[in-house]
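What follows is a single structure, written as structure tokens, with notes after it.
The values are calculated or read from the model by the stated rules, or taken from the named source; none is laboratory data. Since the model is a prediction, treat every value here as computed from it, not as a measurement. Cβ placement follows ideal geometry from the backbone for every residue including glycine, while neighbour counts extend to all protein chains displayed. Side chains are part of the model used for accessible areas, which takes the heavy atoms of the whole protein and leaves out ligands, DNA and RNA. Shrake-Rupley method; radii C 1.70, N 1.55, O 1.52, S 1.80 Å.
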Amino acid sequence: MYRESSIHYPQDEMTTMMIPVTLGCPYNKCLFCTMYKDDKYSEVPLEQIRQQLINGYEYTEKVFLTGADPLCVGYDKMMIILKEIREYLPYCARVASYASVRSISRYSDEELSNLHNSGLRLLYIGFEAGSDKYLSLMNKGHTVSDAIREAKKLNKVNLAFNAIVLIGIGGAGRCKENAQKTVHMINQFHAKTLITMSLMLMEGSGLSELAKKGEYIPSSRQENLLETWTILHNLHPEKTMEFDTTHPSNIIKIKGILPQDRKRLLMEIDSKIQE
């Protein structure tokens, strides 16, 4: 069943064992996204997940749970999945997953802590922007205050996460405003990695239709570079944090650790701006 649906995963998980947990997206309303547009949402039955684990390589060290938002299956099912990963893949040291601010909000501190202690060690979360105006425009389904609250909750229980933000989400002429608000949000919690992706007009998306009608004007190459530079320049993480722009959608592909690599990374963006 899952082989007929779209499987998406972060580029850093390319060599990780993939275990489908959900198919499609339970929300599927973001204006810019078509990744799961044609996939009907459903949960993969536990028996199918179990069979994949039984047939897995015993010495697997990392597992990635696939689906747009696997945490939406709920606490009880997630705990069963993590328990069976430990049983059938005893050498697995890290389970990772996509997650949304919405799904995390349904879990208590104690439940998140239990998931972490049971092997869920890394989440990839689409925060997208630090502006309620642009989050609303994109129909993201959460506010900035929601994002900060849930991120702090994850910090409290030591469940690491990578924060994903969309460069250019505000459109033309909004790069500085969006950068300042986004970095203000990110500076209020600790993300393991800040991953930038550049907003792309996907054919068939609601945002693409707005652009065709002239109601949304995409930002330029230079604006996206400036937005990236501004975010990087103003990030002040309390702990070391990775800054990663290597996603294929980005104009510039750089990666480093903050704060020690900030100067080098800024220089690389400066050089790209001047081309």
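Listed values, structure above:
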read-out: The stretch 100-159: trypsin sites (Lys or Arg not before Pro) falling in loop per DSSP and having at most 15 other Cβ within 10 Å; value: Arg106
read-out: Low-density loop cleavage sites - trypsin sites (Lys or Arg not before Pro) in the stretch 188-232, where at most 12 other Cβ are within 10 Å (DSSP); value: Lys213
read-out: Percent carbon-and-sulfur accessible area, the chain, ignoring ligands, DNA and RNA, probe 1.4 Å; value: 51
read-out: Burial order of peptide ranges 81-89, 53-61, 196-204 (average beta-carbon count within 10 Å, highest first); value: 81-89, 196-204, 53-61
read-out: Free-standing Cys residues across the chain, given no other cysteine C-beta under 4.7 angstrom; value: Cys25, Cys72, Cys92, Cys175
read-out: Around Arg86: net Lys/Arg minus Asp/Glu count, Cβ-Cβ under 14 Å; value: +1
read-out: Hydrodynamic radius by Kirkwood, which averages 1/r over all alpha carbon pairs of the chain, in angstrom; value: 19.4
read-out: The stretch 165-253: C-alpha gyration tensor shape, a/c 1.5 cut-off, then a/b vs b/c; value: prolate
read-out: FRET efficiency, Glu215 to His8 (Cβ-Cβ, R0 25 Å, nearest 0.05); value: 0.35
read-out: Long-range HN-HN contacts of Met18 with modeled amide H, under 5 Å; value: Phe64
read-out: Where labels lie 7 Å past Cα in the beta-carbon direction, separation of Ser136 and Arg106 in nm; value: 2.6
read-out: For the stretch 1-108, share of DSSP beta bridges that run antiparallel, in % to the nearest 5; value: 20
read-out: Reachable lysines, given that their alpha-carbon falls under 22 Å from the alpha-carbon of Lys272 and they are not under 8 places away in the same chain; value: Lys176, Lys253, Lys255, Lys263
read-out: Residues of the stretch 157-179 with amide N under 15 Å of the 7 Å Cα→Cβ point at Asn234; value: 166-170, 174-179
read-out: Relative contact order (%) - criterion: Cα under 8 Å, at least six apart; region: the chain; value: 15
read-out: ³J(HN,Hα) computed for each position of the stretch 149-154 - Karplus, 6.51 cos²θ - 1.76 cosθ + 1.60, integer Hz, glycine/proline x; value: 4, 6, 5, 5, 5, 5
read-out: Over the chain: helical MRE at 222 nm, DSSP H runs n ≥ 4 each giving -39500 (n - 2.57), nearest 500; value: -10500 deg cm²/dmol
read-out: Chain lengthening between Lys83 and Asp270 when straightened (0.36 nm per residue, less Cα-Cα); value: 62.5 nm
